[in-house]
Amino acid sequence: DIQMTQSPSSLSASVGDRVTITCRASQAISNSLAWYQHEPGKAPKLLLLAASRLESGVPSRFSGSGSGTDYTLTVSSLQPEDFATYYCQQYYSSPQTFGQGTKVEIK
Amino acid sequence: QLQESGPELVKPSETLSLTCTVSGDSISSGGYFWGWLRQPPGKGLEWIASIYHSGNTYYNPSLRSRVTISVDTSKNHFSLKLSSVNAADTAVYYCTRHYSSGWHNSWGLGTLVTVSS
């Protein structure tokens, strides 16, 4: 199985901050990477697929980049509704696997 | 919209059974796969299994021997059975809709299933 390692596991930030989360795969995954946002009590939400393609309806302050084994999710200006846990997922090979999550908390 | 249902408490060695009811979409219309994932307390997400409306099934090899996924297009729902459960199977179980490529574009709220005597 491909192991997905996210960092950091948690971070504290303020509204308006630029935030970057990293996801590293144990082998190259050819941009077959999705990012999800999970707020407590809500269903997880797809943010990006194919490493950098924004899902319909997702604000443009979210962006993704990367290649090979290393990928990043960036929130350009953190908003109050962005405080949540974020997960990466590789779907390059089965079984699909997820990172452990990054919790973004209010500073 | 997806909604998980089933017992919240299951005894060790018994079978965990969950159903996901789909609304606002038709499983039989095709185009999507329907899946189950879980998240044990304090741990990451784990894909369990997926099914297509035709009945084609896909399983995580780590759980394959204990899992059965099925679909009932007449009721517009799909189900998960996990046999011989133990404490390590305690988790929030999610049902999802996903593309063949694998990304999940719709999720249920999840249901916590505890394995305990």
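The values are calculated or read from the model by the stated rules, or taken from the named source; none is laboratory data. Quantities reported herein were computed from a predicted structural model and do not represent experimental measurements. Please note: Cβ atoms are built from the backbone with ideal geometry, for glycine as well, and neighbour counts cover all protein chains shown. Only protein heavy atoms, including side chains, enter the accessible area calculation; ligands, DNA and RNA are left aside. Shrake-Rupley method; radii C 1.70, N 1.55, O 1.52, S 1.80 Å.
Close amide H contacts of A:A84 (hydrogens built in the peptide plane, cut-off under 5 Å, sequence separation of 5 or more or a different chain): A:V104. Largest GNM mean-square fluctuation across B:S26, B:S70, B:S79, computed for chain B with C-alpha springs under 10 Å, falls on B:S26.
Each Lys and Arg adds +1 at its Cβ and each Asp and Glu adds -1 at its Cβ; summed about the Cα centre, chain B shows a dipole of about 180 debye. Of all lysines in the structure, the ones whose alpha carbon falls short of 21 Å from that of A:K42, not counting any fewer than 8 places away in one chain, are A:K103, B:K43. For chain B, the solvent-accessible area of protein heavy atoms averages 45 Å² per residue (probe radius 1.4 Å; ligands and nucleic acids excluded). GNM on chain B, alpha-carbon springs under 10 angstrom: the most fluctuating residue among B:S83, B:S23, B:S74 is B:S74.
Across region B:63-69, computed HN-Hα scalar couplings (Karplus, 6.51 cos²θ - 1.76 cosθ + 1.60, θ = phi - 60°) run 10, 3, 5, 10, 10, 9, 10 Hz from first to last residue, x flagging Gly and Pro. For chain A, the solvent-accessible area works out to 45 Å² per residue, with a probe of 1.4 Å and every protein chain left in place. For chain A, the equivalent ellipsoid built from the Cα gyration tensor has semi-axes of 22, 14, 13 Å, listed from largest to smallest.
Computed with a 1.4 Å probe over protein heavy atoms only, the accessible area of A:D1 comes to about 120 Å².
For the protein assembly as shown, the share of DSSP beta bridges that are antiparallel, to the nearest 5, is 90%.
Dipole size of region A:16-107 about its Cα centre, with +1 on Lys/Arg Cβ and -1 on Asp/Glu Cβ: approximately 60 debye, rounded to the nearest 20.
Please work out the ratio of the alpha-carbon Rg of chain B to 2.2 N^0.38 Å and round it to two decimals.
Numbers: Rg = 13.3 Å, N = 117, 2.2 N^0.38 = 13.4 Å.
That ratio works out to 0.99.
Residues B:R38, A:R61 ordered from highest to lowest accessible area at a 1.4 Å probe: A:R61, B:R38. Accessible surface buried at the B:A interface totals approximately 1500 Å², computed with a 1.4 Å probe on protein heavy atoms. Ranking B:Y59, B:S70, B:I27 by Cα position along the charge dipole of region B:8-117, where only Lys, Arg, Asp and Glu carry charges on their C-beta atoms, puts B:Y59 farthest toward the positive end. Heavy-atom accessible area for A:E39, with the other protein chains in place and a 1.4 Å probe, reaches approximately 40 Å². Counting only protein chain heavy atoms and rolling a 1.4 Å probe, the accessible areas of B:K11, A:K45, B:K75 rank, largest first, as B:K75, B:K11, A:K45.
Using a probe of 1.4 angstrom, how much of the accessible area of the protein assembly as shown is carbon and sulfur, in percent? Don't skip to the end; give the middle numbers.
Values: 4640 of 10060 Å².
C and S fraction of accessible area: 46 percent.
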